[in-house]
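So the structure is just underneath, and the comments pick up after that.
FYI, it's all coordinate maths here, none of it is from the lab. If you're wondering where the values come from, they're calculated on a predicted model, not measured in any experiment. Note: ideal-geometry Cβ built from the backbone for every residue, glycine included; neighbour counts use all protein chains shown.
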Ligand code: ISE
């Protein structure tokens, strides 16, 4: 994933460049750095990369269980960070991150729920939001991997794969998950007979909505993500493939992609481009730490249901006051209130933008990448947060600074606004 983001940032996305890379395998890092252009620094480790003044923002693509620690380091350095999903592997860690971001007073985290940038998913979202299918009542999702990642467990399938579907259901239906019920089976395709590699998740969401999600990580024939949303006035279903259907000699069919990189190329470009644009505008609009926290809460509850064989309530913050509307409304108001132009503050406008990424790819080798140094490119600088009072700022390489929208009054306000009291 790190290589894909590095390529996208250096070859396709405008407004940023890869400025630094790190990897457990130094020669891989050097190769990647060289492929990203001139003056790309190679760092000894993630910490030196995150701390370097020439790095304005960070992309994390390391293994799931390293995400939370690295995101916290970025928050401590007040650096915007794009973190691949999941943001953390436990609700506890995700919550710590949300609280630290709230403490910082500025939204600086985006999470890699790239389906939200897939053209077909966006069309479905538009159709739902425009009322084309009436009130949406059912999300039907299918998520198949050709083969399970090495070392997969019944639980990691929920943390690493199903988290996408849980996010999609929340996002498309515009409702929070209230109850989950999960069944799993071992299909015999996996080498480890203990792993429940096919799981069926049933959800009850707010607004009377339901969801039914199949996650099958040893499907063998290829990679597929399918979804249909049923409304009270119609349904909308994404097309089965990115490719045309061939009809020939009593056969009709289409190719199936092998993995998510092949299935979602446009989404990966769009999510990076929007992220950079948002950083330069000082307002993050993508899936955020809260989205991740809430999806992880559902994941953890799904794990409980899988183990117990019973349905489980989510227990917080979704159900009542913590609708996505309430939270989003709060954040938007906050951002409006705290967005201030550099000019009003006596600061120069945007300066240069730097990105950094850290990756351990499918080969489980840690690699990091990213960024752009302000000094060398002459591009405008990014907004970096600094104070806890909302809309912080940090000076870029040329002493320029810009603001990102943030929180006004610390975490209590956010949790109160969100209606969350614990968990
Ligand atoms: C993988 O890590 C991804 O993020 C893919 O998008 C997902 O479809 C797959 O199941 C995960 O293993």
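Odds and ends about this structure:
- Three-way shape call for the range 51-209 based on the alpha-carbon gyration tensor, with the a/c threshold at 1.5: oblate
- Distance (nanometres) between label positions extended 7 Å along Cα→Cβ at residue 212 and residue 149: 2.9 nm
- Only alpha carbons enter this Debye calculation for the range 121-164, each as an equal point scatterer, and the log10 of I(q)/I(0) it gives at q = 0.17, 0.22, 0.24, 0.32 Å⁻¹ is -0.65, -0.79, -0.86, -1.18.
- Label point distance in nm, residue 14-residue 232, each placed 7 Å from Cα along Cα→Cβ: 4.5 nm
- Packing-based exposure ordering (other Cβ within 10 Å, fewest first) of 7, 194: 194, 7
- The order of 89, 62, 48, 8, going from fewest to most other C-beta atoms within 10 Å of their C-beta, is 48, 8, 89, 62.
- Projected label distance in nm at residue 27 and residue 310, using a 7 Å step from Cα toward the beta-carbon: 5.6 nm
- Cα convex hull of the range 199-266, projected area averaged across orientations, nm²: 7.0 nm²
- Global form of the range 161-248, assessed from the alpha-carbon gyration tensor, a/c cut-off 1.5: oblate
- Residues 47, 115 arranged by fewest to most Cβ contacts within 10 Å: 47, 115
- Cα centroid separation, the range 112-140 to the range 24-70: 34 Å.
- Full-stretch length increase - residue 221, residue 35 - with 0.36 nm per residue and alpha-carbon distance subtracted: 63.7 nm
- The shape of the range 230-276 comes out oblate: with a ≥ b ≥ c from the C-alpha gyration tensor, a/c is at least 1.5 while a/b does not beat b/c.
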